[in-house]
């Protein structure tokens with residue numbers, strides 16, 4: 001699969017089931033984009049306190065032309081479904097050196 005085909009496939013998946021996601025960083029304006037969000041099971045626990053974990057998948061298409069200080073980094077915040085969560089992992093995936101998707105692990 002070429003990078004272009006991978007991005008087009010992801011864009012179709014996001015178009016079919018997207019959520020509005022806000023990426024938040026101290027001192028910066030919020031970045032609002034469309035992404036695919038999956039809640040993961042089971043919940044993680046820290047002591048006896050449950051933490052919800054979600055996977056947020058972003059297409060590079062969503063980031064074209066944004067005036068926001070990329071890249072998204074660990075410690076940024078992700079808001080979806082009215083809840084603010086901390087980004088604990090950022091996994092950019094590429095094919096042949098071209099970015100085709102960004103996967104975030106968000107906890108909170």
Check your understanding: Hey, any hits in the stretch 35-50 for a residue that's at pLDDT below 95, under 12 Å from residue 107 (Cβ atoms) and surrounded by 14 or more Cβ atoms within 10 Å (Cβ to Cβ)?
Key -> no
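Restricting to the stretch 21-32, give me the number of residues that are over 16 Å from residue 64 (Cα atoms) and surrounded by fewer than 14 Cβ atoms within 10 Å (Cβ to Cβ). Can you show your working first?
To start, the set of residues in the stretch 21-32 that are over 16 Å from residue 64 (Cα atoms) comprises 24-29.
Now restrict to residues that are surrounded by fewer than 14 Cβ atoms within 10 Å (Cβ to Cβ): 26-29.
Of the residues in the stretch 21-32, 4 are over 16 Å from residue 64 (Cα atoms) and surrounded by fewer than 14 Cβ atoms within 10 Å (Cβ to Cβ).
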Point to revise | Matching residues in the stretch 61-82 - criterion: being surrounded by fewer than 12 Cβ atoms within 10 Å (Cβ to Cβ) and within 11 Å of residue 22 (Cβ to Cβ) | key: 82
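For the stretch 60-108, which strands (runs of 3 or more DSSP E) that fit wholly inside it have 2 or more residues that are more than 13 Å from the chain's Cα centre (by Cα)? Walk me through it before giving the result.
On the way: elements: 77-80, 83-95, 98-107.
Ranges flagged: 83-95, 98-107.
The values are calculated or read from the model by the stated rules, or taken from the named source; none is laboratory data. Please read all numbers here as calculations on a predicted model, not as lab measurements. Don't worry about glycine lacking a Cβ; one is built from the backbone with ideal geometry, like all the others, and counts go over all protein chains shown.
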